[in-house]
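This report concerns only the one structure given below.
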Amino acid sequence: MSTYDVIVVGGGIIGGSIAFELAKHNVRVAVVERQQPGLEASWAAAGMLSVAPESPDAIPLATLAKASLEMYQEYVAAVEKISGRKAGLRRDGALMALFLPHVERELSTILAVHHGLGFATEAIRVDDARRMEPSLNPAMRAAAWHPYEGSVDSRALTEAMLLAAEKQGVKIMTLPGGVTSLLAEKKRCTGVIAGGEKIIAGKVIIAAGCFSGTIPTIERYAPTRPVRGQMVAMKSDTVNLGRVVRSEKGYLVPQAYGRILAGTTTEHAGFEKRVTPAGMQQILSAAVEIAPELAQASVVESWSGLRPDTPDHLPSLGPTDVDGLLIATGHYRNGILLAPITARLMRAWVIEGRTTMTVDAFSPMRFAQHESGVRGKGQEKEIREQKS
């Protein structure tokens, strides 16, 4: 029976970042993953560092997203130094190319919201946008410039993060089936059972993405559900993007060696990961609208992933009413972006018992409060008492 200070359940970018951050402060950490670490949502992500809200639902995330972006340079530098791997960080800004009728009026509203949140988004002339990115479609009606944004190679970053965590002393375990139950002693979470093995710890952090809600008792604090996103990677002899370009229907993300990612769909298809003709048609149509010469590009890869969504589309972050049990999941579209701030917050809660940043809007208890009583009988049955 293994014993650690902290068990992190989930081996993606969120779980790896938390473990890495804690290990830097001499905390003994184990990461428990149900399959090969890093191959779920983190592997499938496009890697955009997009902090401006795309919808009213995302406005509460603005402060958290901005704080995380400000940490990104230092965060990546630490990972690259310890792992010896590059993460493909680019801070070239992002362009928004808008095609729908009457979008000029809508753009003024978008700018007002962004400026009110402290983001230096600006409207630019279509001709100026095309000077920045000559491949853009001249049929676009308006354009906006996000100078503060960027991107990262999510696969490279996740791989480097997990390697850096291991080099800091983190134990990463792949246990088929993952966590099947939590352990408790005197109403305190004291570990997990995973792969038939008891693993003991002073604290347990659930960071298992869309699978978090499948762990007994955790749905009360993180009612996550999978939202499928499909992606395409292309290469073109004529399109050479210097930065992320988004439209109302999709986006393009440049990577090393001329690779261009295009995405993505938003599908409620349960835990089924597959690529569909309808999804590919939607993605490629949006990509060609943004940059028409991509119609002649080569498709070099396609894939899908499962984003961890919650009922209000906001992450579940922080302590619960079970002593020793913390949650860090439900990041939906923003897991790559929010990894640095999530790791910093969890470290503060684990080591100091509190955080100086106001994050009440993301508390796991906002979901638990919808249930009657402190802990129902069903939950008591699902947390297994540890036997000496």
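The values are calculated or read from the model by the stated rules, or taken from the named source; none is laboratory data. These numbers were taken from a predicted model, which means no experiment stands behind them. Every residue, glycine as well, gets a Cβ built from its backbone with ideal geometry; the counts of neighbours run over all protein chains shown.
Where residues in segment 128-140 are in contact (Cβ under 8 Å) with a residue 12 or more places away in the chain and part of a loop (DSSP other than H, G, I, E, B), which of them is farthest from GLN73 (Cα to Cα)?
ALA139
Screening the candidates ILE18, ILE82 for the property of being of a type outside the set (Ser, Thr, Tyr), more than 30 Å from GLY177 (Cα to Cα) and part of a helix (DSSP H, G or I) yields one hit, ILE82. Looking at the structure I just gave you, is HIS102 farther than 19 Å from GLY335 by Cα, in the same structural domain as ALA262 (by TED's automatic domain parsing) and surrounded by 13 or more Cβ atoms within 10 Å (Cβ to Cβ)? No; evaluated as a whole, the condition is false for this residue. For ALA286, the stated conditions hold: it is closer than 19 Å to ARG246 by Cα and either crowded, with 16+ Cβ neighbours inside 10 Å or not assigned by TED's automatic domain parsing to the domain that holds TYR251 (or both). Residues in segment 190-210 that are closer than 17 Å to LYS171 by Cβ and not aliphatic (A, V, I, L, M): GLY191, GLY195, GLU197, LYS198, GLY202, LYS203. Based on this model, can you work out whether GLY242 counts as farther than 23 Å from SER135 by Cβ and not aliphatic (A, V, I, L, M)? No; evaluated as a whole, the condition is false for this residue. Out of all the residues in segment 171-188, which are assigned to a loop (DSSP other than H, G, I, E, B) and touching a helix residue (DSSP H, G or I) at 6+ places or on another chain (Cβ under 9 Å)? Selection gives GLY178 alone.
Where residues in segment 141-170 are touching a helix residue (DSSP H, G or I) at 6+ places or on another chain (Cβ under 6 Å) and part of a loop (DSSP other than H, G, I, E, B), which of them is farthest from GLU40 (Cα to Cα)? Steps first, please.
Step one: of segment 141-170, the residues touching a helix residue (DSSP H, G or I) at 6+ places or on another chain (Cβ under 6 Å) are 141-143, 154-155, 158, 160-165, 167-170.
Restricting the remaining residues to those that are part of a loop (DSSP other than H, G, I, E, B) gives 141, 168-170.
Details: ARG141: 37, GLN168: 23, GLY169: 23, VAL170: 20 Å.
Per the stated criteria, the residue is ARG141.
If you check VAL204 against the conditions, is it farther than 28 Å from SER363 by Cα, in contact with a Ser or Thr (Cβ under 9 Å, 6 or more places away or on another chain), hydrophobic (A, V, I, L, M, F, W, C) and buried (at least 23 other Cβ atoms within 10 Å of the Cβ)? For VAL204, the condition - farther than 28 Å from SER363 by Cα, in contact with a Ser or Thr (Cβ under 9 Å, 6 or more places away or on another chain), hydrophobic (A, V, I, L, M, F, W, C) and buried (at least 23 other Cβ atoms within 10 Å of the Cβ) - is not met. Here ALA78 fulfils each of the conditions (1) at pLDDT 95 or above; (2) surrounded by fewer than 20 Cβ atoms within 10 Å (Cβ to Cβ); (3) under 21 Å from LEU136 (Cα atoms); (4) not β-branched (Val, Ile, Thr) apart from (3). Within segment 212-221, if we keep just the residues that are farther than 18 Å from SER363 by Cβ and in contact with a strand residue (DSSP E or B) (Cβ under 8 Å, 6 or more places away or on another chain), the residue that is surrounded by the most Cβ atoms within 10 Å (Cβ to Cβ) turns out to be ILE215. Pairing residues of segment 283-299 that are part of a strand (DSSP E or B) with residues that are charged (D, E, K, R) and surrounded by 14 or more Cβ atoms within 10 Å (Cβ to Cβ), at Cβ distances under 8 Å and at least 6 apart in sequence or on separate chains, gives SER298/LYS235. In segment 169-184, the residues that are touching a residue at least 24 places away in the same chain (Cβ under 8 Å) and in the same structural domain as SER17 (by TED's automatic domain parsing) reach residues that are among the hydroxyl-bearing types (Ser, Thr, Tyr) and surrounded by fewer than 20 Cβ atoms within 10 Å (Cβ to Cβ) with C-beta atoms within less than 9 angstrom, at least six apart or across chains, in these pairs: LYS171/SER2; MET173/SER2; GLY178/THR214. If you check ALA143, ALA165 for being outside the structural domain of ILE206 (by TED's automatic domain parsing), at pLDDT 95 or above and not charged (D, E, K, R), only one passes: ALA143. Checking each residue in segment 47-94 for being within 12 Å of LEU338 (Cβ to Cβ) and not aliphatic (A, V, I, L, M) picks out SER50, THR63, LYS66, SER68, TYR72, TYR75. Does THR224 satisfy being surrounded by 18 or more Cβ atoms within 10 Å (Cβ to Cβ), hydroxyl-bearing (Ser, Thr, Tyr) and in contact with a Cys (Cβ under 8 Å, 6 or more places away or on another chain)? In short, yes. If you filter segment 227-267 down to residues that are under 19 Å from ALA144 (Cα atoms) and in contact with a Pro (Cβ under 9 Å, 6 or more places away or on another chain), you find that the one that is surrounded by the fewest Cβ atoms within 10 Å (Cβ to Cβ) is GLY242. Taking LYS66 and the conditions (1) under 25 Å from ALA348 (Cβ atoms); (2) in contact (Cβ under 8 Å) with a residue 60 or more places away in the chain, which numbered condition does it fall short on, given that it satisfies the others? Going through the list (1) under 25 Å from ALA348 (Cβ atoms); (2) in contact (Cβ under 8 Å) with a residue 60 or more places away in the chain, LYS66 breaks only (2).
Please specify each residue of segment 4-63 satisfying the condition of being hydroxyl-bearing (Ser, Thr, Tyr) and within 20 Å of TRP349 (Cα to Cα). Within segment 4-63, TYR4, SER17, THR63 meet the criteria. Could you please let me know if ALA160 is more than 24 Å from LEU39 (Cα to Cα) and either of a type outside the set (Asp, Glu) or in the same structural domain as VAL9 (by TED's automatic domain parsing) (or both)? No.
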